[in-house]
Amino acid sequence: MAISKKEKTQIKEIAVSATNLKEITKNEDQERILILNVDRDNDIGKLLKVSGPILGFENNLKLASDLLLLDPEESDANAIFGALKKYNDLKKDYNVQIATLTGHSKENLFFADKNIAIQLKQVFAEFPASGIVFVSDGAEDDQVIPIVQNFAPIISKETIIVRQEKNIENTFYFIKKAIKDPAFSRIIFGIPAIILLLFFFFGYFAFQILALVLGLYFLIKGFNLEPKIYRFFENILNKLSLTRLSFPFYLAGLFLLFFTIFSGINLYLSNPEFVFWSRLIYVIRAVLLYLVLSFVAFVVGDLIDIFYVKEAYKLGKSIFLLISIFVFSAIFDLALQLIIGQLEFNVFIISVVVSTVFLFLLNRITSIFDITTDITDLLIGLPVVSRYGVWIGQVVSVDSEKNVISYATRNGKVIKVISKKHFVINNGRVII
């Protein structure tokens, strides 16, 4: 019995469908393996301005290529290429996917690990792997292994190390690279430079000044004050713009601060006849006014910027800070007078009590600018972030009657509404 042309076509379609079904079943039966690369200190984000997760072979290939074009010595690019090679090795026998995650700076490793955990959730939502092949470029990224193991077991781990020739030339090269690192250069060149300059300008007194400088340095390091001091000066320098009305105040504040430091050192060295404590208190009282005026200049500049950038929610804190500077400086001066016997103890106690009551009342008055309690127009323009610190959007409108706010997402195309019970306000940010 002859088979018609139509029947032959149907038989062929059935055979193709059976083959496709067999291939799909085969893929479903294959073990899901995730090839994972992690950049904990976010070198990728700093160079390319992208954030994870970066999924897929082609996306990671482009990422590694772009990274090497910007910095041929970047080890994270080699780690990504190592992950891509592992992908090619395993794709024949397993259902594989490749992902690169980005963290945060070394100054905030807690935030970095939080980012990695969030990105891993996104990856497993799209590709629920049963096992992970972890590829890294060193011990820093290996610190996130406990986080990764919460999602799936690590069945293989590979560290990508770039091979180098072990000769004197390469050793000299790496030493030169290390010296260029700001952390090493401050120690190798900065400290000896300070010592030499002190001996040049102050001679015998250089030993005392050196002890003071090293003491302050160890104090800053011991209590981890360096990031706060760095952020303070970075914040001031970022605001030094000729286009802003606050520029003269910030400039005056910096000038007065340096003038206070150098005046204090000069007064201390020019009065050797006093005993140590008497000389120190004399110097502090002599320069205290300049120090206060320096801080006042910074705060006044900040107050001007509040109106310049329309951040009225900061007004209450700035006013409270401005007045508090005068109150605390007065209390501090009275305490110094008490130490050297120029003030009675009961007068000092009364001054402290009066100042405390005054600051309490001032805090209550300035709380009218507090945006953490009520839904007001002061919320418009605030950034909206997740509880892990990831930026989501910006507040565009409020409805005080319904107790809700509306915010635009990062691309500005979607407007979302959220009620007060689903967010908190902290440090000028809406956290959901």
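The values are calculated or read from the model by the stated rules, or taken from the named source; none is laboratory data. This one's a predicted model, so the numbers in the text were calculated from it and none came from an experiment. Please note: Cβ atoms are built from the backbone with ideal geometry, for glycine as well, and neighbour counts cover all protein chains shown.
Listed here are the residues, each with its yes/no results for (1) buried (at least 16 other Cβ atoms within 10 Å of the Cβ); (2) within 23 Å of the chain's Cα centre (by Cα); (3) more than 23 Å from Gln337 (Cα to Cα).
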| site | (1), (2), (3) |
| --- | --- |
| Ile220 | no, yes, yes |
| Asn224 | no, yes, yes |
| Lys228 | no, yes, yes |
| Phe255 | no, no, yes |
| Phe258 | no, no, yes |
| Glu273 | no, no, no |
| Arg279 | yes, no, no |
| Val287 | yes, no, no |
Worksheet item: For segment 238-253, does any single residue satisfy the condition of being surrounded by 17 or more Cβ atoms within 10 Å (Cβ to Cβ), part of a helix (DSSP H, G or I), of a type outside the set (Phe, Trp, Tyr) and modelled with pLDDT under 80?
Response: yes
Discussion item. If I filter segment 141-164 down to residues being surrounded by 17 or more Cβ atoms within 10 Å (Cβ to Cβ) and assigned to a helix (DSSP H, G or I), which single residue comes out as modelled with the lowest pLDDT?
Written reply: Asp141
Worksheet entry | Residue that is modelled with the highest pLDDT, among those in segment 292-320 that are closer than 22 Å to Ser355 by Cβ and of a type outside the set (A, V, I, L, M, F, W, C) | Ser294
Discussion item. Quick check on segment 75-86: of everything there that is under 13 Å from Ile54 (Cβ atoms) and in contact (Cβ under 8 Å) with a residue 24 or more places away in the chain, which residue is surrounded by the fewest Cβ atoms within 10 Å (Cβ to Cβ)?
Written reply: Leu84
Discussion item. Being modelled with pLDDT of 85 or more, within 26 Å of Gln119 (Cβ to Cβ), surrounded by 15 or more Cβ atoms within 10 Å (Cβ to Cβ) and in the same structural domain as Val144 (by TED's automatic domain parsing): is that true of Asn42 here?
Written reply: no
Worksheet, complete the sentence: For Val133, the lone unmet condition from (1) more than 18 Å from the chain's Cα centre (by Cα); (2) part of a loop (DSSP other than H, G, I, E, B) is (2)
Response to the item:
Given (1) at pLDDT below 85; (2) surrounded by fewer than 22 Cβ atoms within 10 Å (Cβ to Cβ), Asn115 misses just (2)
Discussion item. Checking the structure you have, find out if any residue of segment 274-294 is closer than 22 Å to Asn363 by Cβ and assigned to a helix (DSSP H, G or I).
Written reply: yes
